[in-house]
Amino acid sequence: MLRGRFSQDTHQLVQEFTDSLDNDRVFAEQDIQGSQAHARMLGRQGIITQQEAEQLVSGLERIREEIQKGSFPWRSDLEDVHLNIEHRLTELLGSVGEKLHTGRSRNDQVALDLRLYVSQRVEEWQALLLQLARALTDQAEQHLETILPGYTHLQPAQPVSLAHHLLAYVQMLRRDAERLRQAQERIRVSPLGAAALAGTTYPVDPEEIAREVGFGNSFANSMDAVSDRDFVLEPLFCAATITTHLSRLCEEIILWANPSMGFLGLPDAFATGSSIMPQKKNPDIAELIRGKAAGTFGALQTMLSLIKGLPLAYNRDLQEDKKPFYQADVIVSGSLSLLTAMIAEMEFNPEKMLRAVNSGHLNATELADYLVSKDIPFRTAHQVTGKAVAYAESQGRGLQELKLSELQEFSPQVEEDVFRALDPYQAVARRNSPGGTGFKAVSDQLAAVKAWLESASGDG
Ligand code: ARG
């Protein structure tokens, strides 16, 4: 179609090497949507007649049906989705079909198609993020007063509310959703009307096309419009961040499902067996989500490398921009869906959690704070408590299991009320500083999260 100036046909190997149909036929629908908007604009601006515009729009409608029915005659010798559709349009309409490409280039065309496609997929990610956040919030709501060890350095540190722990992930997902919403503002900008790179002599109306395809704005600079791909980079960064968060949560699930912790039982439908060891119940799904996260980092890296050396404006390298996005898309949507289903069925084990809380001297800070309340300076209180912990440890007992007289050996200021201070449940309940793990603070947080989920389900 494009070889007017050439006297030789394309070499077979060149044709195979440059063919992008397998990668761009995915957004045939977006190509048709963009072309219909372009045709209508051409008609309205008097660049073609209204009647020609209508013919183009209905010819494209027929192609849409052919593609949906699977009867569209795809031809890999026609390089890409754009030339396939345009060629078919001319087959159906005759020379009117050849008018579609007036004032347009494949450079602005492919950029619009990909923006439409990316925007739609990102909308799906936003919805899936909310579903996962909802599943975690539902679990949090049931476990406000379930307590477990909180860790630093993966060493038992202080008891926390399970709801607080789960809501920490909801906060990450909430930021992820916000990042995607902000990215959408930049994705949803129409590049059509930039033509090959320099704009066009026809009186095109890019704003009208933007409105027609449901985008907020059109481009400001035609050279930027055809060559910019940060509208792919940004969602890929978001994808890498989302899967990083999911991977951390999965790591947590893997640890908690380990029998030595035993904080949760994996639902049978989400666990796998071993081919040789009959007792095994493996967290393969969580491991795979953790593993697949690597693929989104790869996709981001590929995209950064693809763009970094490109002078303005369009370069054919950009044809390689689709695969990284698809790769990340499959991982993000698959991981979010699966994790949502798994979290919803997760059975936590509050008894095991409490046992772990009671066995790791997690109430040592409480004893130190108790001594401070008896007017002992904090550093001294810390020292005294350390000695009491070492003693309890040597006895194989918890601080709360020592007798009052034993505790008084370390500090005569200790009184009967120390046992209330050492109760881990009370230790959690007391931490009501804003955003803390106290039951009151966590139920405030829960209410704020639920209000966000409520309002976000409207606009994604
Ligand atoms: N298949 C091409 C791509 O995906 C379409 C744009 C081709 N433009 C060009 N000047 N060769 O980037």
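In percent, rounded to a whole number, the relative contact order of region 121-235 is 22, using alpha-carbon pairs under 8 Å and six or more apart. Couplings 3J(HN,Hα) of region 235-240, computed from phi: x, 5, 5, 4, 4, 5 Hz, in residue order, whole Hz [Karplus 6.51 cos²θ - 1.76 cosθ + 1.60, θ = phi - 60°; x for Gly and Pro]. Along the Cα→Cβ direction, 7 angstrom out, place labels at SER7 and SER455. What is the inter-label distance in nm? Distance between label points: 7.0 nm. Each Cα pair of the chain feeds into the Kirkwood radius, which the Stokes-Einstein equation turns, at 20 °C and 1.002 mPa s, into a diffusion coefficient of 81 µm²/s.
Put simply, the Cα atoms of region 96-214 extend 71, 27, 20 Å along their principal axes, the longest span coming first. Relative to its residue count, region 160-293 spans a Cα convex hull of 154 Å³ per residue. Remark: spin-label model distance ARG44-LEU304 equals 4.1 nm, labels positioned 7 Å along the Cα→Cβ axis. Taking 0.36 nm per residue of separation and subtracting the current Cα-Cα distance, fully stretching the chain between ARG316 and LYS403 would add 23.5 nm. Cα centroid distance between region 1-31 and region 329-366, in Å? Distance between centres, Cα-based: 51 Å. Label-to-label distance, GLU29 versus GLN182, with points set 7 angstrom from Cα along the beta-carbon direction: 3.0 nm. Here the 3J(HN,Hα) profile of region 420-431, calculated from phi with Karplus coefficients 6.51, -1.76 and 1.60 at θ = phi - 60°, is 5, 5, 7, 5, x, 4, 5, 4, 5, 4, 6, 8 Hz, Gly and Pro shown as x. Here's how it looks for SER218: its modeled amide H is under 5 Å from those of SER190, which are all 5 or more places away or on a different chain.
What's the ranking of 227-237, 384-394 by average number of surrounding C-beta atoms within 10 Å, highest first?
227-237, 384-394
Report relative contact order for the chain in percent, whole number only (criteria: Cα-Cα under 8 Å, sequence separation at least 6). Relative contact order here is 16 percent. Principal-axis analysis of the Cα atoms of the chain puts helix 322-344 at an angle of about 40° to the longest axis. Taking amide H positions as modeled 1.01 Å from N, with prolines and chain starts lacking one, the residues under 5 Å from VAL160 and 5 or more places away or on another chain are LEU148, GLY150. Between 0 and 90 degrees, the angle of helix 364-373 with respect to the longest Cα principal axis of the chain falls at about 60 degrees. Reported value for region 1-98: 104 Å³ per residue, from the convex hull of its C-alpha atoms.
When peptides 409-415, 145-151 are sorted by average Cβ neighbour count within 10 Å, with the highest value leading, the order is 145-151, 409-415.
Note on GLU54 and ASP77: with the Förster distance fixed at 35 Å, the Cβ-Cβ geometry gives a FRET efficiency of about 0.70.
For the peptides 75-85, 125-135, 4-14, 32-42, residues were scored by their other Cβ atoms within 10 Å and the scores averaged per peptide; the highest-first order is 32-42, 125-135, 75-85, 4-14.
For GLU393 and ALA448, the FRET efficiency from 1/(1 + (r/R0)^6), where r spans their Cβ atoms and R0 equals 41 Å, is about 0.55. Applied to region 394-401, the Karplus parametrisation 6.51 cos²θ - 1.76 cosθ + 1.60 on θ = phi - 60° returns per-residue 3J(HN,Hα) values of 5, 8, x, 10, x, 4, 5, 8 Hz, with x for Gly and Pro.
Throughout, read-outs are computed from the coordinates displayed, never taken from laboratory work. Quantities reported herein were computed from a predicted structural model and do not represent experimental measurements. Every residue, glycine as well, gets a Cβ built from its backbone with ideal geometry; the counts of neighbours run over all protein chains shown.
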